[in-house]
Amino acid sequence: MYYDKGYSYATYDNDKIIVVDLRSDTLTKPTQKMREALSSAEVGDDGFHEDPTVKVLQETAAKMVGMEDALFVCSGTMANLIAIMNHCNVRGCEAYCGDSTHTLLHEQCGAVQIGGVSLRSLRNNIDGTFDLSELRSKLRHDINHEPISKLVIVENTINGKIVPLSWLKELVSLCKEHNLKLHMDGARLWNASVGSGISGKEIVSGFNSVTFCLSKGLGAPVGSVLCGSKDFITSARRIRKVLGGDMRQVGILAAAGLVALENIPRLVHDHRRAYAFASALNEIQSSIFSIDLSTVHTNIVFLNIESDTIDTTKFIHCLLEFDDTENEHVVVKCLGLTDSLIRFVFSFEITDDDLMLAIKKVTSVIKKLDPKF
């Protein structure tokens, strides 16, 4: 999924080594409250619609986004694929999405591979939107020779950025005008809500479906929820079955999901730490390494490298090194996305102390590699 030129994330046996893992917000372990909920969950056979805890989770999720019904699924990738196959319910359909979206880049193009739905990309702007005139120009009109324009997919947040609500409203109007369905990949929907101060219900208003992840940032071990109308979810349940996602006593996992939904308000601290981290690195005023603070809306930070001699691999190797002689007992894990782009993601397991250690370590590496210092 991510750029890799051979660096590895070793397990450090030395008790002195402190690892600050900023690779993803999916790395969190279930909280004690979640573990207690897991062990005491009331369960039934969800294949027969008889798991009471799953029912509560689905009803809660649907209410939170202002939709009629919801379906608990294994992952956001499955949720997106179900939504695409559900909306594009005749052969020869085409769906539209930004060229930086997860659906297009990181889900093996399951829409095409499994669903038989072609994805047509639109150039994402820096704020996560795309040009609505470009979308309008790419819509199909010749039913005998062209695919059938059926669905538009929006990711929010996208690379940590909150898509503007004003643009979403314009998109909703355009889709109604052209009888297009709208799906939101809201894997980090609640980061968008907390970061903008706008309710999830308002963010997805006018959309036909939305999915959000219970494990990204919210701390559940497994699962996403797909929301839509009752008819949509009835069809979605059938598609989930053929994808192998029909589960049995899954209330054990749904119980953790319900606890995860209680954790939404604390996302503000992930956002605060991410911005503090980005600001501290920018204050170094490196000639090689930079961060665009205007793109740090939530819990994700991107570090850019502009150098002919230093790339992602070298930078990450330096973050993973430790030197007892210099009393450097901290390693920082992150993800290299390209030769010149690195991602850091904050989650609730990253404390203020971890933040300060990460700033110190990354600052040290930047000054070590930048000839300016």
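The values are calculated or read from the model by the stated rules, or taken from the named source; none is laboratory data. For clarity, every value in this text was computed on a predicted model and none was experimentally measured. Cβ sites come from the backbone with ideal geometry, for glycine too, and all protein chains shown count toward neighbours. To get the accessible areas, we keep the full protein, side chains included, count just its heavy atoms, and leave off ligands, DNA and RNA. Shrake-Rupley method; radii C 1.70, N 1.55, O 1.52, S 1.80 Å.
Quick rundown of the values:
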| quantity | calculated |
| --- | --- |
| Crossing angle, helix 230-242 versus the chain [Cα axis fit, 0-90 degrees, rounded to tens] | 70 |
| All lysines inside 18 Å of residue 16 as judged from Cα atoms, apart from same-chain residues fewer than 8 positions distant | 333, 360, 361 |
| Nearby aspartates and glutamates by direct alpha-carbon distance to residue 176 (threshold 12 angstrom, same-chain neighbours under 8 apart not counted) | none |
| Extension reserve of the residue 166-residue 99 stretch, reckoned as 0.36 nm per residue once the Cα distance is removed | 22.1 nm |
| As computed over the chain, the Cα convex hull volume per residue (Å³) | 149 |
| Highest-first arrangement of 106-119, 340-353, where packing means the average Cβ count within 10 Å | 340-353, 106-119 |
| Mean separation of Cα contacts under 8 Å (6+ apart) over length of the range 43-110, as relative contact order % | 16 |
| Accessible area expressed per residue, the chain, with surrounding protein chains retained (probe 1.4 Å, Å²) | 45 |
| Entries of 29/367; 138/201; 29/55; 138/181; 181/216 with Cα pairs more than 22 Å apart | 29/367; 138/201; 29/55; 181/216 |
| Nearest-10 value in Å² for the accessible area of residue 49, using the 1.4 Å probe | 90 |
| Taking the chain and dividing mean pair separation by its residue count, relative contact order in percent (alpha carbons under 8 Å, at least six apart) | 25 |
| Accessible-area composition of the chain, carbon plus sulfur, in percent [1.4 Å probe] | 49 |
| Separation between Cα centres of the range 187-227 and the range 265-287, rounded to whole Å | 22 |
| Residue-averaged [θ]222 nm for the chain, counting only DSSP H segments that reach four residues, each worth -39500 (n - 2.57) | -11500 deg cm²/dmol |
| ³J(HN,Hα), Karplus 6.51/-1.76/1.60, whole Hz, each residue of the range 154-161, x for Gly, Pro | 10, 9, 7, 6, 10, 6, x, 8 |
